[in-house]
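Quick one: structure below, then a few questions.
The values are calculated or read from the model by the stated rules, or taken from the named source; none is laboratory data. As the structure is a prediction and not an experimental result, all values here were calculated from the model. Every residue, glycine as well, gets a Cβ built from its backbone with ideal geometry; the counts of neighbours run over all protein chains shown.
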Ligand SMILES: Nc1ncnc2c1ncn2[C@@H]1O[C@H](COP(=O)(O)OP(=O)(O)OP(=O)(O)O)[C@@H](O)[C@H]1O
Ligand SMILES: [Mg+2]
């Protein structure tokens, strides 16, 4: 469903992505982990096209999108939530979701009507609200929502684009243990046909929701494999997981 072939990216003389390859089958749950500055977010930006690669290829569902824009890659099936907030703070949670759904449902013919009066869009928005566990706070302006709810809404906005591959950049960063558990549960409950690529520091989340891990270190793939393979890798234990993995 998603394939990256030998991606390279320099920022000045710094090689931040060093020959990184990645392959996700349909329905895969794949984590990218690694220390701060390892190049995880840059890898996401190369996959989505927000940052141009120096070399390498990206394929979405078998289609080569290496030369395509971020919008075209989104249309091809890549949906991403950002590490930093990109919500409409004055609008309610539902308004944020209906706006995002309206854009993706292509409502050219009814553009003069408020989005939430269009039942197709409203139903799509409410279905996503349920998936991201926000039904109880739908009518609250986003700036009054808790941090955890705001992060859940970010995942909802990514889902609104009806992606084949959902990319989440540290969805639990800054969250309390309770908020992390809610996020972990909702990610686990997403449809099994959805392919998920997730950058995550919280190893409970990684081991809880993913089945394969790519470990990045100084821009290159240190190890790639199943949870057990990564857990038992000496180099990962030394450099990243420490004794906690044993
Ligand atoms: N636009 C940019 N221009 C120059 N250097 C950059 C740029 N973006 C990132 N870098 C550098 O590239 C390296 C990788 O950054 P990146 O944000 O991809 O790391 P990360 O693994 O996501 O880190 P974190 O865990 O802190 O989010 C870092 O050394 C960073 O300083
Ligand atoms: Mg990052």
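Suppose we filter 216, 190, 157, 197 for residues that are at pLDDT 95 or above and either more than 16 Å from ligand 2 (Cβ to nearest atom) or farther than 17 Å from residue 44 by Cβ (or both); which single one remains?
The match here is 190.
Which residues, counting only those in the range 139-155, are crowded, with 16+ Cβ neighbours inside 10 Å, assigned to a helix (DSSP H, G or I) and more than 16 Å from ligand 1 (Cβ to nearest atom)?
From the range 139-155, those crowded, with 16+ Cβ neighbours inside 10 Å are 142, 145, 148-155; that's our starting set.
Checking the rest, the ones that are also assigned to a helix (DSSP H, G or I) come to 142, 148-155.
Across the range 139-155, the qualifying residues are 142, 148, 149, 150, 152, 153, 155.
Quick one: how many residues across the range 65-78 are assigned to a loop (DSSP other than H, G, I, E, B) and touching a strand residue (DSSP E or B) at 6+ places or on another chain (Cβ under 6 Å)? Before the answer, list the steps.
Filtering the range 65-78 for residues assigned to a loop (DSSP other than H, G, I, E, B) gives 65-69, 77.
With touching a strand residue (DSSP E or B) at 6+ places or on another chain (Cβ under 6 Å) added as a condition, the list becomes 65-66, 77.
Residues in the range 65-78 being assigned to a loop (DSSP other than H, G, I, E, B) and touching a strand residue (DSSP E or B) at 6+ places or on another chain (Cβ under 6 Å): 3 in total.
With the structure loaded, tell me whether residue 237 is within 28 Å of residue 9 (Cα to Cα) and in contact (Cβ under 8 Å) with a residue 40 or more places away in the chain or whether it fails that test.
On the way: within 28 Å of residue 9 (Cα to Cα): yes; in contact (Cβ under 8 Å) with a residue 40 or more places away in the chain: no.
No.
Within the range 156-172, how many residues turn out to be within 15 Å of ligand 1 (Cβ to nearest atom), touching a helix residue (DSSP H, G or I) at 6+ places or on another chain (Cβ under 8 Å) and not in a strand (DSSP E or B)? Spell out the reasoning first.
As a first pass, look at the range 156-172 and keep what is within 15 Å of ligand 1 (Cβ to nearest atom): 167-172.
If we keep only those that are touching a helix residue (DSSP H, G or I) at 6+ places or on another chain (Cβ under 8 Å) too, we end up with 167-169, 171-172.
Narrowing further to those that are not in a strand (DSSP E or B): 171-172.
Residues in the range 156-172 being within 15 Å of ligand 1 (Cβ to nearest atom), touching a helix residue (DSSP H, G or I) at 6+ places or on another chain (Cβ under 8 Å) and not in a strand (DSSP E or B): 2 in total.
Could you list, in sequence order, all residues of the range 32-47 that are assigned to a loop (DSSP other than H, G, I, E, B) and either touching a strand residue (DSSP E or B) at 6+ places or on another chain (Cβ under 9 Å) or more than 9 Å from ligand 1 (Cβ to nearest atom) (or both)?
Taking the range 32-47 first, the residues assigned to a loop (DSSP other than H, G, I, E, B) are 34-39.
34, 35, 37, 38, 39 - these are the residues of the range 32-47 that are assigned to a loop (DSSP other than H, G, I, E, B) and either touching a strand residue (DSSP E or B) at 6+ places or on another chain (Cβ under 9 Å) or more than 9 Å from ligand 1 (Cβ to nearest atom) (or both).
Okay, next question. What's the number of the condition residue 229 fails, among (1) touching a strand residue (DSSP E or B) at 6+ places or on another chain (Cβ under 7 Å); (2) free of Cβ contacts under 8 Å to residues at least 40 places away in the same chain?
(1)
State which residue is farthest from the chain's Cα centre (by Cα) when the search covers only the range 173-193 and only residues that are surrounded by fewer than 19 Cβ atoms within 10 Å (Cβ to Cβ) and outside any helix (DSSP H, G or I).
Looking at the filtered set, the residue picked out is 176.
Give the residue, chosen from 67, 40, that is away from ligand 2 (no atom under 13 Å from the Cβ) and either over 18 Å from residue 217 (Cα atoms) or modelled with pLDDT of 95 or more (or both). Working first, answer last.
Working: 40 fails: away from ligand 2 (no atom under 13 Å from the Cβ).
That would be 67, the only listed residue that is away from ligand 2 (no atom under 13 Å from the Cβ) and either over 18 Å from residue 217 (Cα atoms) or modelled with pLDDT of 95 or more (or both).
Further question: Working only within the range 48-64, note down all residues that are within 16 Å of ligand 2 (Cβ to nearest atom) and touching a strand residue (DSSP E or B) at 6+ places or on another chain (Cβ under 6 Å). Spell out the reasoning first.
Keep residues of the range 48-64 that are within 16 Å of ligand 2 (Cβ to nearest atom), which gives 48, 50-51.
Selection gives 48 alone.
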